[in-house]
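A short reminder: the numbers here are calculations on the coordinates, not readings from a lab. Here the structure is a predicted model, which means the values were calculated and not measured. With ideal geometry, Cβ positions are generated from the backbone for all residues, glycine too; neighbour counts draw on all protein chains shown.
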C-alpha cells in the first residue's frame, strides 16, 4: 500500500462530481498506464539488506515468519503533497509462508479496506477489496531475526488476483468490479493514479515478528498486522 493510497481515487471522485453518472470499469475495458505500479507477473525481486535485528533466545529452529497467518487488519495514516489518507480494515486474509520461502496468499476471506482521503479540504471516502489467490517467494530471515527486510524472491503469480474499488462519497461509483490485477495494472493506474497496491503482501517491505504476531510495513507506511494460526 502506498502513501498515495486513494489519492488517485480522490482525484477521480472530484472529477465524477461534475458528471451526471459514475463510470464503471470492468478491468480490461479501460485504458491507461499504472503510476509507479509493477506489471503483474513481473519480477518482485528486491535487492538489499535482510539481516534483521536479533530476537531474544538462540538462533536454532524455524524462522519466526514461517507458518500460517491471518490478517487482523491493514492500517494507513499518512500525509503527502497536501493529501491526507487514512485506511483500515482488510481482516481475514490468509498468508502461508513455508520454510523454503514459498508464499501463498488467499484474499477470498478478506473484509473491505475502508479509506478516507482529504484533498484541498474535500473529503473522499470509499473501499477496496482483493479476491482470489497469489503466490510467490521471499527470502526467509534467520531464526533469530525479529525484524528486518521482507525481500521478495523471483516472480510472483498474480494471475488469479482481482480487485474491486468502490467510492462512497462525495459520489457513489464502482470504478472496478473484480478486475484482474493484470488488467488493473494496465488500466487502473490510468484511473486511480496507482492508488491501490498491485503487489499486496508480496512486495518489498519491512517486518517485525514476535511470537504470534507478524507485521509487514510497506515503503509508504501501510502496515498489515497478522496473527499466527
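Structure notes:
- Where labels lie 7 Å past Cα in the beta-carbon direction, separation of residue 99 and residue 86 in nm: 4.4 nm
- Segment residue 62-residue 111, extension gain: residue separation times 0.36 nm, minus the distance between their alpha carbons: 14.6 nm
- The calculated FRET efficiency for the pair residue 70 and residue 157, based on their C-beta separation and a Förster distance of 22 Å, comes to about 0.55.
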